[in-house]
1. Of these, K135, K93, which one is basic (K, R), under 21 Å from S56 (Cβ atoms) and surrounded by 14 or more Cβ atoms within 10 Å (Cβ to Cβ)?
2. Restricting attention to segment 138-154, which residues are in a loop (DSSP other than H, G, I, E, B), open to solvent by 100 Å² or more (accessible area, probe 1.4 Å) and either of a type in the set (F, W, Y) or within 23 Å of D95 (Cα to Cα) (or both)?
3. Quick one: count up the residues across segment 99-123 that are open to solvent by 60 Å² or more (accessible area, probe 1.4 Å) and either without any contact (Cβ under 8 Å) to a residue 12 or more places away in the chain or under 19 Å from the mean Cα position of the chain (by Cα) (or both).
4. Within segment 70-86, how many residues are without any contact (Cβ under 8 Å) to a residue 60 or more places away in the chain and either open to solvent by 80 Å² or more (accessible area, probe 1.4 Å) or part of a strand (DSSP E or B) (or both)?
Amino acid sequence: MSAAKKEAAPKAAKAEKDAAVKAPKAEKAPKAAKPASTKGKKVVDIKDAPNKSALSQERLISVLIAPHITEKTSLAMQNANTYSFRVRRDATKPDVKAAVELMFNVKVAKVAVVNETGKSRRFGKLQGRTQDIKKAYVRLAPGQTIDYEAKLKA
C-alpha cells in the first residue's frame with residue numbers, strides 16, 4: 001500500500017463517524033425498567049414462578065427418607081419436641097415442613113437443616129467414602145407429637 005492510501009483510510013473512517021454523530025438519531029422505543037442488580041442472579045417472571053400448591057404429593061413423600069434416631073435425637077424428642085429425619089439432599093426447609101405436615105398430620109413450628117459430608121473409609125487396600133447426607137431437625141408446635149410405631153402399623 002502506498003502512503004497516500006494509508007492516510008486516506010483513517011480519514012474516511014473518521015469522516016463516517018463524524019457524519020453518524022451529526023445525523024439525527026432515530027427514536028428508540030423506551031426500554032423496560034431493569035431490576036437494580038441482576039448480576040449473577042436468575043430473573044424469573046412472577047407468572048413463571050412455581051405455585052406452592054403445585055408441589056405434588058409424590059414429591060413431598062419422597063423428601064423424607066427415614067427418621068434419624070440416636071441418643072441425642074431421642075433426648076431432643078423428649079425435651080424439645082424436636083424430631084430428626086434423613087431427607088433428600090435437594091430438599092429445602094419449606095419442602096421438609098410440607099412433607100412432615102402431610103405425612104404425620106402435625107403442625108410444624110420450625111425446621112433446621114444440616115448437611116453432613118461423607119467420611120473416608122478403608123476396605124482393605126481400597127480407599128472409599130461414605131455418602132453425604134442431609135438431616136432435618138423438625139420442631140413441632142406445642143401439644144403435637146409423632147408416633148412412629150402407629151405410623152408403621154397403619
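1. Working: K135 fails: under 21 Å from S56 (Cβ atoms).
So the residue among K135, K93 that is basic (K, R), under 21 Å from S56 (Cβ atoms) and surrounded by 14 or more Cβ atoms within 10 Å (Cβ to Cβ) is K93.
2. So in segment 138-154, the residues in a loop (DSSP other than H, G, I, E, B) come out as 141-147, 154.
Now narrow it down to the ones that are open to solvent by 100 Å² or more (accessible area, probe 1.4 Å): 142, 154.
Matches in segment 138-154: P142 only.
3. 10
4. Within segment 70-86, residues that are without any contact (Cβ under 8 Å) to a residue 60 or more places away in the chain and either open to solvent by 80 Å² or more (accessible area, probe 1.4 Å) or part of a strand (DSSP E or B) (or both) number 9.
The values are calculated or read from the model by the stated rules, or taken from the named source; none is laboratory data. Bear in mind that the values here come from a model prediction, so they are computed numbers and not experimental data. Every residue, glycine as well, gets a Cβ built from its backbone with ideal geometry; the counts of neighbours run over all protein chains shown. Accessible surface is based on the protein model in full, side chains and every heavy atom, while ligands, DNA and RNA are left aside. Shrake-Rupley method; radii C 1.70, N 1.55, O 1.52, S 1.80 Å.
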